[in-house]
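Down below is the structure, laid out as structure tokens.
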Amino acid sequence: MTAPLDIEGPAAPPRSNGELVFAEPWESRAFGMTVGLYEAGAFTWPQFTDALIVQIRDWESTAAPDGPYDYYQLWLAALREHRPGHLPYPDPGGAPRGPRPPGRPRAR
């Protein structure tokens, strides 16, 4: 089973020449995690896309006119709607990651 991705419309992921586009590695990981959860039966694809559309509409109604649009941040917010408490970090950059392995220096 694969996720029935929208090609057009508000929930359609970014594409270039028909291929999915990820600006950062975490975006492809978030995408893969979502598809994996869908394939495992955690939610239906329409449930997820409905949550994503709500996140996009909320962003559109509150964002500054020149504010940056980050599709995959909204994607993660939609995923959190269906999997609260199951995502280990609130955002992909800078969340606490638990104890350091022995001998590993602290990040600066």
Can you work out ³J(HN,Hα) from phi for every residue in segment 21-30, in order, using Karplus 6.51 cos²θ - 1.76 cosθ + 1.60 and θ = phi - 60°, giving whole Hz and x for Gly and Pro? 10, 10, 6, 9, x, 5, 5, 5, 5, 5
When only C-alpha pairs under 8 Å and at least 6 residues apart count, what is the relative contact order of segment 26-82, in percent? 47
Using each residue's phi in segment 55-67, evaluate 6.51 cos²θ - 1.76 cosθ + 1.60 at θ = phi - 60° and report the 3J(HN,Hα) Karplus result to the nearest Hz, with x for Gly and Pro. 4, 5, 5, 4, 4, 4, 7, 10, 6, 5, x, 9, x
Mind checking the full-extension length gain between residue 24 and residue 50? Use 0.36 nm per residue of separation minus the Cα-Cα distance, one decimal, nm. 6.9 nm
Using a/c under 1.5 as the rounded threshold, could you call segment 26-82 rounded, prolate or oblate? The axes a ≥ b ≥ c are square roots of the C-alpha gyration tensor eigenvalues, and prolate needs a/b larger than b/c, oblate otherwise. oblate
Tell me whether segment 1-46 comes out rounded, prolate or oblate; compute the Cα gyration tensor, take square roots of the eigenvalues as a ≥ b ≥ c, and use a/c under 1.5 as the rounded threshold. oblate
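The numbers here are math on the coordinates, done by the rules we state, and not lab data. Small disclaimer: the values here were computed from a predicted structure and weren't measured.
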